[in-house]
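Structure incoming, see below.
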Ligand code: NDP
Ligand code: GDR
């Protein structure tokens, strides 16, 4: 039975990847950082029905001793480094933490693998944010990077360290340059989930409006379940390499709003307000990926359309709020809108 170790197992991608690997007969282990809210930390894994099928190990990505001990004990065949401070907006308020976890954390993981399990195959969660102020209208593995946030700068450091460990030490390290991918398990601070949650609350009479920032920004959005498959495919190749993973379709926040509100028969323009306080100090205005290399070499293609994903996310948020209404008064704190 192959063994995988996932950092960031409690996040969106960690949960979907766990389910994917379990279905393929893997023993799945994950790094779990200590939280005062331990009772809710496994919610995504529970939602996918896999919480009791993964083995969680206490540790923190920025604590080499804990990571090293876990790699030594688990002896993984594959390591997926998904842990990060992943919210771009927060990275201007917490640049040092973001640099430490999102940047240096990757090298801590690489070191643990180099010392304790050098034959393991290593996946790094790189990001389309590294393209930032885009240098080519459609981005591929050969497009020059121009990061626009402390988050993207940290990811770029981690990306090049992953390449460097491959070239310096001959480790099997691959980096997936993944464009935005969403799902019903997306954190509520990210714009897609904030919108689908807002749609559900407005539809059910729990809120009157939704406040957003830049409506003109465009993203290339796919579904997380499709993108974790690409991560796994990368580690099944004979040689490690870097791959862009994207749908090739770029959509604005305003267009996403139109789709999500349209899903419940509402006109988004009647409900969406903008607040300059939600604009970013330096914005990534548009991202549009070309995943030809992943398609040709990995045989990867997305299986779900944006319309299908939006419908799934809106339906899931409607179901969540309906379930809460049945047990909580609508004025309860748990129903307050996200402020991200
Ligand atoms: P999430 O924000 O949902 O998950 C992040 C995970 O990292 C959580 O499990 C979190 O734990 C964990 N984590 C954060 N800090 C630490 C730490 N110090 N030690 C151990 N674990 C930690 O991210 P996603 O699942 O969306 O993304 C996965 C990875 O892919 C991230 O690295 C992200 O930057 C990257 N990425 C994501 C894209 C996307 O569109 N989703 C696109 C491109 C790259 P906890 O639950 O305790 O907070
Ligand atoms: P992003 O995702 O920064 O692309 O990073 P996010 O959903 O936060 O923002 C996407 C775009 O929407 C605009 N926007 C808003 N964003 C948020 N969060 N809240 C709002 O109210 C709002 N209004 C408009 C933003 O300005 C931006 O242009 C995600 C993360 O998953 C990263 O970890 C990952 O690396 C990249 O995707 C690829």
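Looking at the stretch 145-158, which of the residues that are in contact with a helix residue (DSSP H, G or I) (Cβ under 6 Å, 6 or more places away or on another chain), in a helix (DSSP H, G or I) and within 13 Å of ligand 2 (Cβ to nearest atom) is nearest to residue 105 (Cα to Cα)?
158
Name the one entry in 198, 213 that is surrounded by fewer than 20 Cβ atoms within 10 Å (Cβ to Cβ) and within 11 Å of ligand 2 (Cβ to nearest atom).
Checking each option against the conditions leaves just 213.
Condition check ((1) in contact (Cβ under 8 Å) with a residue 60 or more places away in the chain; (2) under 20 Å from residue 235 (Cβ atoms)) across all residues:
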{"residue": "78", "(1), (2)": "yes, yes"}
{"residue": "84", "(1), (2)": "yes, yes"}
{"residue": "112", "(1), (2)": "no, yes"}
{"residue": "124", "(1), (2)": "no, yes"}
{"residue": "131", "(1), (2)": "yes, no"}
{"residue": "151", "(1), (2)": "yes, no"}
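Next question, about the same structure. Condition first: within 23 Å of residue 41 (Cα to Cα) and in a loop (DSSP other than H, G, I, E, B). Now tell me which residues in the stretch 77-112 satisfy that.
Result: 82, 83, 84, 85, 86, 87, 88, 94.
So which residues in the stretch 34-60 are in a loop (DSSP other than H, G, I, E, B) and in contact (Cβ under 8 Å) with a residue 40 or more places away in the chain, if there are any at all?
Of everything in the stretch 34-60, those that are in a loop (DSSP other than H, G, I, E, B) and in contact (Cβ under 8 Å) with a residue 40 or more places away in the chain turn out to be 48, 54.
Does at least one position in the stretch 236-245 carry a residue that is closer than 20 Å to residue 306 by Cβ and at pLDDT 95 or above?
Yes, the stretch 236-245 has at least one match.
Within the stretch 69-99, can you find the residues that are within 8 Å of ligand 1 (Cβ to nearest atom) and out of contact with any strand residue (DSSP E or B) (no Cβ under 9 Å at 6 or more places or on another chain)?
85, 87
Still on this structure, I have one more. State whether one or more residues within the stretch 76-96 are farther than 30 Å from residue 132 by Cβ and in the same structural domain as residue 232 (by TED's automatic domain parsing).
yes
Residues being in a helix (DSSP H, G or I) and buried (at least 24 other Cβ atoms within 10 Å of the Cβ): count how many of those fall in the stretch 113-129.
Result for the stretch 113-129: 3.
Taking the condition of being within 14 Å of the chain's Cα centre (by Cα) and under 22 Å from residue 138 (Cα atoms), how many residues in the stretch 229-246 meet it?
So the answer is 4.
In the stretch 273-311, how many residues are closer than 11 Å to residue 243 by Cα, in a helix (DSSP H, G or I) and either touching a residue at least 12 places away in the same chain (Cβ under 8 Å) or within 16 Å of ligand 1 (Cβ to nearest atom) (or both)?
Total meeting the criteria: 5.
When you scan the stretch 10-24, how many residues do you find that are out of contact with any strand residue (DSSP E or B) (no Cβ under 7 Å at 6 or more places or on another chain), assigned to a loop (DSSP other than H, G, I, E, B) and free of Cβ contacts under 8 Å to residues at least 40 places away in the same chain?
Of the residues in that region, 0 qualify.
The values are calculated or read from the model by the stated rules, or taken from the named source; none is laboratory data. Please read all numbers here as calculations on a predicted model, not as lab measurements. Because the Cβ atoms are built from the backbone with ideal geometry, glycine has one as well, and the counts that use them run over all protein chains shown.
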